[in-house]
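The values are calculated or read from the model by the stated rules, or taken from the named source; none is laboratory data. Just so it is clear, the model here is predicted, and its values are computed rather than measured. Cβ coordinates were reconstructed from backbone atoms using ideal geometry, including for glycine residues, and neighbour counts include every protein chain displayed. Heavy atoms of the whole protein, side chains included, go into the accessibility calculation; ligands, DNA and RNA do not. Shrake-Rupley method; radii C 1.70, N 1.55, O 1.52, S 1.80 Å.
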Amino acid sequence: MTKTSPSASTSSSPTSSSDNQPANCSGGENSVKSIKKKKSIIPKIFSSNKRNGRTSDNDVTESEYDKKVAARRKAFLDDTDPYIRKSSSERQTSSRIEGLDLSNFDSSLASVTPIMEYQDYRIFVGTWNVGGRTPTHELNLDDFLQVEGSSDIYVIGFQEIVPLNAGNVLVVEDNEPAARWLALINLALNKQHHDTMYSSCDSSPNSKHTTTNKSNFFQKPNLKVLSKNLRVDSTLVKTCNCCLDSLIPEVRRPRRIHDNPFQHRYDTSIEEFFAIVPDTPAYPGLAEYRLVSSKQMVGLFLSVWARKELIPYIGHVRVSSMGTGIMGCLGNKGCIAISMTLHRTSLCFVCSHLASGEKEGDELKRNADVAEILKGTQFPKICKNSDRKAPERIIDHDRVLWFGDLNYRVSLPYDEARLLLEDNDWDTLLEKDQLTTERRCGRVFGGWKEGRIMFAPTYKYSHNSDIYAGETTKSKKKRRTPAWCDRILWHGQGIEQLSYVRRESRFSDHRPVCGVFTVDVEVRTKITSKFRKGYSCTNTRVNNYDCVPHRHSFYDY
């Protein structure tokens, strides 16, 4: 058989294509045949040379052919998109493509993990045992609430807002004091907004502003009416909002807070609301802070307030109360707990009043109260998300703040404690603090934290004075060793205490205690994926050219 050289084959192609059918039909067919002949001849040449063990002029011809192919390839790639310049091996090893199997393409887009970030929020916590006294309009809470600090959330807990007598414990609790405290808190938190609103009204020549007579403060208020008018719409915060937690921050709940809630939610006389506290802001719905939730149980009263800008991000608000008092179940002692979520972080606020007494062994009763509260407090199930359920127990929350009159005393005789107080030797006195001792021994509040105490004992003071009760009481039975009964603790990561102080109000035999915290809150941020549903991907074809399969033979160019 006579072998045809590649050069002869190449030179004959133009002749054959011109002798056959018209160029528009026969040119393509002849070109394909010519290329196939090239592919079939070259291997035969190589195998023939190897078998004969010698070289021929065909080797030179083949070398020239390779140079021509390489030159054509280089000229073609110089004028091509840079993504095509990658070799086949480079495309195969690209980190952005693992294969051409697109069977799981839709499912992979649906399971894109959102980017999570943390945002700091400032939370104020205050606790005050008011000794069964009802406030008057002259009581100013500005100092207690540290309103100049402008926290994002205010959590205020009271103990003994009513006398703990049989009538309040066994019959019907008196909610008039709770309504007054609620109105005073609202006045303190929204005072700046209130002053600004009225100053603008007074500057108008046609404005008429009348102040309610302070004697109206002594009219009996209704806690239900007041809390309803101050509280945000329950449909905003008390339901599950997991499905409404969009990937895009701009897409929030479809429901809105009414700019003027009085147009929608007032079903009683507005005069009853203004009669509680004079100079109360005329439109609580326009105030800077809104009441998220409040609850009274006999003498305990807890309320949570938040900036109105945070309301769309608050959900799963639930309330649970538990009595640990007389017979182990009545509400003269116990706790109120409020659970909620801020963005994607669960928060729990626990206000408690534990067993009293400074006899030896009474601290064990208080330990038992804490254990019972942690075990027995249960929040209702309202979450519809099976992947991330709202916590049902206190300890299951991401961030927990526990405060109140915990009633832990100082294990020292009155005379010894008095000498240490005269020298302001609080460190030595704290070594005998029962709560510190019990926590150190692991008998209560395991895993919880408390800030360093740098203030004098908060209990027990004589009425309307700065003198501890033991100094004015002749009877030893009525003496009480000064102690840090009022405390604030926390549990969980992402909590930092900024301050831990007491306030100097003489309103009761306890001094109020407050703390300010920064809390890390998990926030879901916007996804920048180009494959998110509802977005076109056509403009990304060029940028993702290496993800498209290409032919790698250069004979077809």
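Considering the stretch 397-423, and only residues there that are of a type in the set (D, E, K, R) and more than 22 Å from residue 497 (Cβ to Cβ), the residue that is least open to solvent (accessible area, probe 1.4 Å) turns out to be 409. Against the list (1) surrounded by fewer than 21 Cβ atoms within 10 Å (Cβ to Cβ); (2) at negative phi; (3) free of Cβ contacts under 8 Å to residues at least 40 places away in the same chain; (4) more than 18 Å from the chain's Cα centre (by Cα), the condition residue 327 fails is (2). Is it the case, given these coordinates, that residue 352 is in a strand (DSSP E or B) and either hydroxyl-bearing (Ser, Thr, Tyr) or open to solvent by less than 40 Å² (accessible area, probe 1.4 Å) (or both)? So residue 352 passes the test.
Taken over the stretch 354-386, the criterion of being closer than 30 Å to residue 343 by Cβ and in contact (Cβ under 8 Å) with a residue 12 or more places away in the chain is satisfied by 370, 373, 374, 376, 377, 378, 379, 380, 382, 383, 384, 385. Of these, 443, 452, 480, which one is open to solvent by 60 Å² or more (accessible area, probe 1.4 Å), at pLDDT below 95 and not in a strand (DSSP E or B)? Sole residue among the options that is open to solvent by 60 Å² or more (accessible area, probe 1.4 Å), at pLDDT below 95 and not in a strand (DSSP E or B): 480. Among the residues of the stretch 148-163, those identified as closer than 17 Å to residue 353 by Cα and open to solvent by less than 60 Å² (accessible area, probe 1.4 Å) are 155, 156, 157, 158, 159, 160, 161, 162. Checking each residue in the stretch 388-430 for being closer than 19 Å to residue 454 by Cβ, in contact with a helix residue (DSSP H, G or I) (Cβ under 8 Å, 6 or more places away or on another chain) and not polar (S, T, N, Q) picks out 406, 408, 410, 417, 420, 421, 426, 429, 430. For residue 380, the conditions (1) in a loop (DSSP other than H, G, I, E, B); (2) open to solvent by less than 10 Å² (accessible area, probe 1.4 Å) all hold with the exception of (2).
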